[in-house]
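Trainee: Before I ask anything, let me first share the structure, which is written out below as structure tokens.
No value in this document is a laboratory result; all are computed from the given coordinates. Note that the structure is a prediction, hence the values are computed from the model and not measured. As a convention, Cβ positions derive from the backbone with ideal geometry for all residues, glycine included, and neighbour counts pool all protein chains shown.
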Amino acid sequence: MAKIAFIGLGHMGAPMVRNLLKHEHGVKVFDLNAAAVNALVTAGAKAATTLADCCADSEVIITMLPAGEHVHDVCTRADGLFKHAKANTLLIDSSSIAVDTARLLAKQAQEMNLPMLDAPVSGGVAGAEAATLTFMVGGTDAAFERAKPILAAMGKTIVHTGPSGTGQAAKICNNMILGVSMIAVSEAFTLAKKLGLDPQKLFEVSSNSSGQCWSMTSYCPEPGLVPKAPANRNYEAGFTTAMMLKDLRLSQTAAQSVGVTTPLGAEATALYTLFNNLGNAQLDFSGIIKMIAGDLK
Ligand code: NAD
């Protein structure tokens, strides 16, 4: 079993660590929040007191941090991972960060003889708890093969997407589709009701025809149609609007960096910015149907 250090024990990181412990990996944990560390020590992890302490004896170091600036800082600061990890320690960053940042860090890591993978996830907190996450993994074949059995303790689908940065590219392209399709489904259900069409009937038709998509059949924003969807619990997240907006913004930065036009991605970013700024950052992203329907209180 591997000796793993895990940095970032929030909504996602904590259940991921629990699954590593279930597979009898030795896990050292680090977070700025002492309560998050203590909860996992009770579950069988060891506490690391500093980043350098994370590096001592670890074969693999996983980061699950809020954003690119945190990952960059933890890697490059004077007392950080690049300075203190032993040669050939495998670094796996599962945070959602910019493609360019992931590529820059992997290049700098390689110069320090540290293989680094970008391995963002989809599946949310429920997927992290059930060990059913999808990992999108960018990096070398050799690093991917080393990471695979460890990621398998936390996820169900593990895709090697190509070289460094392609894991993050897969994540933001997927979530750009998701943001756009959620708005499209929200518009369609809002229009249907105004036209006197029962939402249940639209669902019966579209879920079996060309309008079918995940945003409709697994996560329908109209209440009463998909039992597990956040729409049925007042849009309690789920996947927050703030998180969706973060990923859409990353998609737009990436699109600009390579000169690709993504007008629907841009429109989805604008609409989610508006919805977010109206006080809905912590609401599930499917709640945008309320803004489209003019039902925001
Ligand atoms: P979170 O805010 O719940 O947890 C982040 C943790 O990192 C916190 O415990 C915080 O104290 C810790 N932290 C911050 N800076 C630190 C530092 N310098 N050193 C050590 N610890 C530090 O975030 P989350 O919801 O767990 O998300 C983590 C990542 O996963 C994000 O990049 C997010 O975009 C991505 N993600 C989240 C979800 C989701 O549904 N929550 C789904 C897919 C991907």
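Trainee: Evaluate region 99-106: report whether one residue or more is more than 16 Å from the ligand (Cβ to nearest atom) and touching a residue at least 40 places away in the same chain (Cβ under 8 Å).
Mentor: Just the residues of region 99-106 that are more than 16 Å from the ligand (Cβ to nearest atom), to begin with: 103-104, 106.
Checking which are touching a residue at least 40 places away in the same chain (Cβ under 8 Å) leaves us with 103, 106.
Yes, because at least one residue in region 99-106 is more than 16 Å from the ligand (Cβ to nearest atom) and touching a residue at least 40 places away in the same chain (Cβ under 8 Å).
Trainee: Tell me which residues, restricted to region 229-266, are in contact (Cβ under 8 Å) with a residue 24 or more places away in the chain and more than 16 Å from the ligand (Cβ to nearest atom).
Mentor: As a first pass, look at region 229-266 and keep what is in contact (Cβ under 8 Å) with a residue 24 or more places away in the chain: 229-231, 235-248, 250-251, 253-254, 257, 262, 264-265.
Of everything in region 229-266, those that are in contact (Cβ under 8 Å) with a residue 24 or more places away in the chain and more than 16 Å from the ligand (Cβ to nearest atom) turn out to be A231, S257, T262, L264, G265.
Trainee: What's the number of the condition V185 fails, among (1) crowded, with 23+ Cβ neighbours inside 10 Å; (2) under 20 Å from I61 (Cβ atoms)?
Mentor: So V185 meets the others, but not (2).
Trainee: Scan region 55-64 and give yes if some residue there is without any contact (Cβ under 8 Å) to a residue 60 or more places away in the chain and under 14 Å from S164 (Cα atoms), otherwise no.
Mentor: no
Trainee: A further question on this structure: Which residue, of V71, V60, is over 21 Å from A169 (Cα atoms), touching a strand residue (DSSP E or B) at 6+ places or on another chain (Cβ under 8 Å) and of a type outside the set (S, T, Y)?
Mentor: Details: V71 fails: over 21 Å from A169 (Cα atoms).
Answer to the selection: V60.
Trainee: I need the full set of residues from region 208-228 which are of a type in the set (A, V, I, L, M, F, W, C) and either closer than 22 Å to P120 by Cβ or within 15 Å of the ligand (Cβ to nearest atom) (or both), in order please.
Mentor: Here is the first cut: in region 208-228, the residues of a type in the set (A, V, I, L, M, F, W, C) are 213-214, 216, 220, 225-226.
Of everything in region 208-228, those that are of a type in the set (A, V, I, L, M, F, W, C) and either closer than 22 Å to P120 by Cβ or within 15 Å of the ligand (Cβ to nearest atom) (or both) turn out to be C213, W214.
Trainee: In addition: Look through region 125-140, keep the residues that are surrounded by fewer than 24 Cβ atoms within 10 Å (Cβ to Cβ) and in a helix (DSSP H, G or I), and return whichever of them is nearest to the ligand (Cβ to nearest atom).
Mentor: Across region 125-140, the extreme among qualifying residues is V125.
Trainee: Turning to a different aspect of this structure: Anything in region 107-124 that is more than 21 Å from R249 (Cα to Cα) and either buried (at least 18 other Cβ atoms within 10 Å of the Cβ) or touching a residue at least 60 places away in the same chain (Cβ under 8 Å) (or both)? List them, or say none.
Mentor: Start the filter on region 107-124 by keeping residues that are more than 21 Å from R249 (Cα to Cα), which leaves 107-117.
Selection gives A109, L114, P115, M116, L117.
Trainee: Right, another one. Let me spell it out: the conditions are (1) without any contact (Cβ under 8 Å) to a residue 24 or more places away in the chain; (2) farther than 18 Å from D31 by Cα, and A78 meets all of them except one. Which number is the exception?
Mentor: Among (1) without any contact (Cβ under 8 Å) to a residue 24 or more places away in the chain; (2) farther than 18 Å from D31 by Cα, A78 violates only (2).
Trainee: Is it the case that region 95-104 has a residue that's among the acidic types (D, E), within 25 Å of G162 (Cβ to Cβ) and touching a helix residue (DSSP H, G or I) at 6+ places or on another chain (Cβ under 7 Å)?
Mentor: Going residue by residue through region 95-104, those that are among the acidic types (D, E) are 100.
Within this subset, residues satisfying the condition of being within 25 Å of G162 (Cβ to Cβ) are 100.
After this cut, where a residue has to be touching a helix residue (DSSP H, G or I) at 6+ places or on another chain (Cβ under 7 Å) as well, the list is 100.
Scanning region 95-104 turns up at least one residue that is among the acidic types (D, E), within 25 Å of G162 (Cβ to Cβ) and touching a helix residue (DSSP H, G or I) at 6+ places or on another chain (Cβ under 7 Å).
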